[in-house]
Amino acid sequence: MLCRLKEERCDENQGESYFKTEHGLFKLGFGKDIISCTYKPVWLYNSSEIGLENATTCEVFDFISNAWRYVTPSAPYRVVRVADPVFVNGSLHRFTECEETKILSFDLHTEAFQVISSKAPFPNSHDNPYAIVLCNLDNRLCVSHKKWPDQVIWSFNSGSKTWNKLFSIDLEVDEYDSFYTRVAR
């Protein structure tokens with residue numbers, strides 16, 4: 001179904017501009033509005049590449065009208081295009097391309113953006129987007145940060161707007177001690 005949504009979007013009048021953004025590298029977000037109980041696919045992509053002055057363009061697919069519609073205002077910051085958006089508690093979350101690490105949240109009910117985290121204990125995600133990953137652990141927004149030889153999992157406390165270290169895993173394996181033995185201890 002989601003693949004067909006992308007195909008339908010590409011067939012619209014702006015298909016040429018759509019491909020100029022290298023849209024295929026931007027990941028489709030998908031989540032559920034927890035108030036109206038409707039599902040929403042969301043495209044959020046950087047739009048300066050197609051000559052627009054705004055930082056990003058956001059589109060939401062409406063299953064009732066069977067069409068994409070633009071969300072305004074869109075996100076105030078460019079987003080890391082290779083990182084997957086993460087759904088937690090009614091919102092989609094993404095890393096920004098800012099110098100300081102920021103996490104942008106898109107509320108699927110209000111369809112509004114806000115920065116939920118700016119003082120992160122991990123480095124900027126766009127420097128190495130494969131070493132820092134947003135994820136959902138037990139309906140909590142988390143970040144997995146791999147900096148050899150450790151993998152650290154951080155959990156976001158939405159009440160205090162702080163990050164707490166959940167786990168630190170030593171990834172180094174030698175011939176006398178296996179990874180599975182260390183984790184099980």
TYR77 versus (1) surrounded by 15 or more Cβ atoms within 10 Å (Cβ to Cβ); (2) touching a helix residue (DSSP H, G or I) at 6+ places or on another chain (Cβ under 7 Å): which is the lone unmet condition? (2)
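Are any of the residues in region 105-120 within 30 Å of GLU172 (Cα to Cα) and surrounded by fewer than 15 Cβ atoms within 10 Å (Cβ to Cβ)? Reasoning before the result, please.
Kept after step one, since they are within 30 Å of GLU172 (Cα to Cα), are these residues of region 105-120: 119-120.
Add one more test, that the residue is surrounded by fewer than 15 Cβ atoms within 10 Å (Cβ to Cβ), and what stays is 119.
Scanning region 105-120, I find at least one residue that is within 30 Å of GLU172 (Cα to Cα) and surrounded by fewer than 15 Cβ atoms within 10 Å (Cβ to Cβ), so the answer is yes.
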Out of everything in region 82-107 that is among the hydroxyl-bearing types (Ser, Thr, Tyr) and modelled with pLDDT under 90, what residue ends up being nearest to the chain's Cα centre (by Cα)? THR96
Can you name every residue in region 140-169 that is within 20 Å of ASP107 (Cβ to Cβ), of a type in the set (D, E, K, R) and surrounded by 14 or more Cβ atoms within 10 Å (Cβ to Cβ)? ARG140
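Show me the strands (runs of 3 or more DSSP E) entirely contained within region 53-124 in which 3 or more residues are without any contact (Cβ under 8 Å) to a residue 40 or more places away in the chain and closer than 27 Å to HIS145 by Cβ.
Filter on region 53-124 gives 103-107.
Among the residues of region 138-172, how many are among the polar types (S, T, N, Q) and not in a strand (DSSP E or B)?
3
The values are calculated or read from the model by the stated rules, or taken from the named source; none is laboratory data. Note that the coordinates shown come from a computational prediction; the quantities given were computed from them, not determined experimentally. In this analysis, Cβ positions are derived from the backbone assuming ideal geometry, glycine residues included, and neighbour counts consider all displayed protein chains.
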